[in-house]
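This report concerns only the one structure given below.
Where a number appears in this text, it was derived from the coordinates with a stated rule and is not lab data. As the structure is a computational prediction, the values presented were derived from the model and not from experiment. Ideal geometry is used to build each Cβ from the backbone, glycine not excepted, and the neighbour counts take in all protein chains shown.
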Amino acid sequence: MLEQSATRQPVSPVRSIALERTLADMLGNPGSVTYRNSAAGWSVPADISVATVYRNRGYRPIWVSGDGRFTPRGVLLIDRLADARMDAMDPATYRTETIRNAMAQGDAVGLAAAELMLSEALIRYSADLWDRKDKDISLLGRAAAAEEFGAFLRDLAPTDPAYARLRYALAKYNAIVMVGGWETIPAGGTLRSGASDSRVPALRRRLAFSGDLPKDVETETTYFDGELEKAVKRFQARHGLAQDGAVGAKSLKVLNVPAEIRAEQLAENLRLQRKPESRFGDRAIVVNVAAYELVMFDGGKEVLRSRTIVGLPDWETPRLVSELKWLEINPTWSVPRNIAVKEIMPKRRRDGIEYLDKRGFRLFDAKWQELDSGEVDLAAIKGDALPFILRQDPGPRNPLGNVKFNFPNGESIYLHDTPSRRLFKRANRAISHGCVRVEAAANLAMSLLREEGWTQADYDRVLKSGKTYRVKLHNPMPIYIITRTAWVEADNSVQFRNDPYEKGKSLQLALN
């Protein structure tokens, strides 16, 4: 960056006039060969949509002055652009070095070119921060008029707390990378509390580096004590691992993921956080596939959090945005054809017709007229043929449990309860056929039903009846099914997960 003297001399009126005239000429003749310097690597931006802004200013520059220096606003802007990696963006995109080259040229042409390149860079930077394609030219006028330009620049970025926390974490991990990252813990047997091992000091240093173990704790002792066990559990919780406090092969592999990979993971998710589908608003249900978790927000505050089960790698839960418009208490289950063919019918062939009857399955034709299962020659059905619809009545064997949550989408995906509660204790919960099972389904249902005037007693009474009851929501709840593999909780704990559907990706090193 070009230095500014502590006491600046007044800018020569002649130089200022020359700069303004050059700006006017540049904006009137952007394609002129006069206004490019191949040796210095700069040229006037081809887009001159900012011309009106400068014409209204009498072609007075905003970022540079006639004496060959950046204005105070220019200093703040060039520094911010040069530091774009803080927002997981590339400073080269904003031509910061090219701008400095033009400034170093020193004449009115170089200064005017730097001025216009900075204006272009600010507009592009602002659009990139919000993942927009359009250009807000009016931003220039506001930038020139802002009394506190530093605050103006800070306010360009998304203001939601999740973005700010992720941005801070990225700076922290980039700093770790700058000092060489953390060391690799040697392979060996499982490390657990009460044991002594020559690898324990390396484990202590690793956990101190990432903040799971306090930095003032003795790191060179070979004894695995209770405090270290707590630190391991904190680390395991942050990475979606089983929290047993022991460092086996799986935890060791996650511990040894390089800091560079974690920094890139944070950067990737910071970029995702800028996208429109990450702007959830004050009221929404958000399912993070990678975290196996659902969070409900109301009034901008978290009101419910639940573990979930999502689709198998070969039966993915799709990412989508929709609105939850109705729910069903005591839902029936219309069995998807592929599940019926691949799972239900083979069991029926093995166990006989009683298999369907005992589990409350009924058969319907395409017009939803019920068929007598005793009169359908099920044994004659071969291969993938399925000349009927298979539906299961509500009850304890129904895989949808007590309640189902519906929202329009082209994938036939919904949220639902489940009678298989033990599965929520698993660390890897990508085990469904695509729909999302919700551990706290009953609480989610009541959170939505209270807005419809329901009480807990109303819900319990309908549930006890065993009959299917459909409730349309007068105020549909926005729902987002997303994949975020890194984020920062409100307590500032940095969380990392895998995308269960991208095993071959370079970031997929922490197999959990």
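Some notes on this structure:
- Mean separation of Cα contacts under 8 Å, 6 or more apart, over the residue count of the chain: relative contact order %: 14 percent
- Counting only Cα atoms, the stretch 411-512 measures 50, 29, 27 Å along its principal axes, largest extent leading.
- Over the stretch 229-298, equivalent-ellipsoid semi-axes from the Cα gyration tensor in Å: 28, 17, 8
- Backbone geometry of the stretch 237-244 corresponds, through the Karplus equation with coefficients 6.51, -1.76 and 1.60 at θ = phi - 60°, to 3J(HN,Hα) couplings of 4, 5, 10, x, 9, 4, 8, 9 Hz, x marking Gly and Pro.
- Here the stretch 182-257 yields Rg over Rh of 0.90, to two decimals, using C-alpha coordinates and the Kirkwood radius.
- When restricted to Cα atoms, the stretch 277-488 yields an Rg and a Dmax of 18.2, 59 Å, respectively.
- When shorter helices are ignored and each DSSP H run of at least 4 residues is given -39500 (n - 2.57), the per-residue value for the chain at 222 nm works out to -10500 deg cm²/dmol.
- Approximating the spin labels as points 7 Å out from Cα along Cα→Cβ, the Ala164-to-Lys301 distance works out to 1.8 nm.
- Stretchable slack from Asp351 to Leu386, in nm (0.36 nm times residue separation minus alpha-carbon distance): 10.8 nm
- Net length gained if the chain between Ala490 and Asp393 were fully extended (0.36 nm per residue, minus Cα distance): 30.7 nm
- nm² value of the averaged projected area, convex hull over the Cα atoms of the stretch 121-167: 3.6 nm²
- Each principal axis of the Cα atoms in the chain has its own extent, and those three values, largest first, are 100, 65, 47 angstrom.
- With a simple spin-label model that places each label point 7 Å from the Cα along the Cα-to-Cβ direction, the separation between Ser334 and Ala195 comes to 5.4 nm.
- Per-residue 3J(HN,Hα) values for the stretch 289-305, derived from phi via the Karplus relation 6.51 cos²θ - 1.76 cosθ + 1.60 with θ = phi - 60°, read 4, 5, 8, 6, 8, 10, 10, 10, 10, 8, x, x, 10, 6, 10, 7, 9 Hz in sequence order (x marks Gly and Pro).
- Between the amide H of Ala195 and those of Phe224, distances stay under 5 Å, these residues lying 5 or more places away or on another chain, with hydrogens modeled in the peptide plane.
- Cα centroid separation, the stretch 103-161 to the stretch 204-261 (Å): 43 Å
- Counting neighbouring Cβ atoms within 10 Å and putting the fewest first, the residues His416, His433, His239 line up as His433, His239, His416.
- In sequence order, the stretch 94-104 has phi-based couplings of 9, 6, 4, 5, 4, 4, 5, 4, 5, 4, 5 Hz under the Karplus curve 6.51 cos²θ - 1.76 cosθ + 1.60, θ = phi - 60°, and Gly or Pro positions carry x.
- 5 angstrom amide H check on Gly434, placed H, neighbours 5+ away: Gly311, Leu312
- With a simple spin-label model that places each label point 7 Å from the Cα along the Cα-to-Cβ direction, the separation between Ala146 and Arg283 comes to 3.3 nm.
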